[in-house]
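A short write-up of the structure that comes next.
Every number here is computed from the coordinates shown, using simple stated rules; none is lab data. These numbers were taken from a predicted model, which means no experiment stands behind them. Glycine gets a Cβ as well: all are built from the backbone with ideal geometry, and neighbour counts include every protein chain shown.
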Amino acid sequence: MKRVAILISGGGSNMVALLDSMTGDHPARPVLVLSNNVDAGGLEKARARGVKTAVVDHRPFKGDRSAFEQGLNKTLQAAKPDIICLAGFMRILTADFIDAWAGQMINIHPSLLPKFKGLNTHARALEAGVTEHGCSVHEVTATLDDGPILGQARLLIDPADTADSLADRVLRLEHQLYPAVMRRFAAGDKTEVCLP
Ligand code: GAR
């Protein structure tokens with residue numbers, strides 16, 4: 001059974017989708033939900049599901065990323081995860097941290113990568129006038145929102161869509177895509193998942 005740690009910063013709806021998927025014949029189980037934000041709504045949702053939680057607040061480190069990451073690593077190493085899922089974790093990680101978990105860390109991003117890396121992806125998709133949008137799960141490498149794609153889910157943009165409506169529509173796709181990719185990844189299969 002693979003051990004999974006999930007890193008969050010906010011509401012944790014992707015985390016909930018992942019936690020709820022890891023039952024029955026799923027090849028993985030959650031061992032830790034870790035947040036950089038003590039107020040992350042996802043922490044309570046994880047506790048309610050009986051999953052151990054921890055917080056490593058980034059603020060006292062005041063821009064000293066490597067000291068913050070030492071704190072993260074200490075907590076993560078104690079949980080001995082085989083897989084780390086970034087699920088709305090909004091801190092940029094250094095190459096040193098990423099290299100230490102090479103091949104074990106995956107992320108969900110709200111765009112069809114390589115399009116729209118970074119923030120405000122839905123507004124930028126609308127501005128760019130693309131007809132198709134969606135989300136991607138990828139292996140984490142030292143370059144931000146890069147790394148081999150493990151799955152994508154797509155939708156057609158409606159003329160009435162706003163950044164908010166797209167965020168809602170894409171988030172619902174994320175909740176399908178991330179568990180589907182994680183199940184495959186935990187079974188050692190990196191074949192790309194394509195939804196719908
Ligand atoms: C999700 O849309 C996720 O793709 C995005 O943050 C949201 C978290 O929602 N992640 C990023 O933008 C990473 N750069 P959640 O906390 O409800 O899962």
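A few remarks follow.
- A Cβ distance below 6 Å, combined with a sequence gap of six or more or placement on separate chains, defines the contacts here; from region 76-99, residues that are under 12 Å from LEU34 (Cβ atoms) reach residues that are within 16 Å of the ligand (Cβ to nearest atom) and part of a loop (DSSP other than H, G, I, E, B) in the pairs PHE89/SER9; ARG91/ASN36; ARG91/HIS58.
- Of the numbered criteria (1) away from the ligand (no atom under 14 Å from the Cβ); (2) outside any loop (DSSP other than H, G, I, E, B); (3) over 23 Å from VAL33 (Cα atoms), the one GLY71 fails is (3).
- For region 179-196, filtered to residues that are touching a residue at least 24 places away in the same chain (Cβ under 8 Å) and small (Gly, Ala, Ser), the residue that is nearest to GLN152 (Cα to Cα) is ALA180.
- Residues considered: PHE89, PHE116. Of these, the only one that is within 11 Å of the ligand (Cβ to nearest atom) and within 14 Å of the chain's Cα centre (by Cα) is PHE89.
- Criterion (within 22 Å of GLY151 (Cα to Cα) and touching a strand residue (DSSP E or B) at 6+ places or on another chain (Cβ under 6 Å)) met by exactly one of ILE98, ILE92, ILE108: ILE108
- Strands (runs of 3 or more DSSP E) contained entirely in region 110-196, each with at least 2 residues that are crowded, with 18+ Cβ neighbours inside 10 Å: 132-139, 149-156
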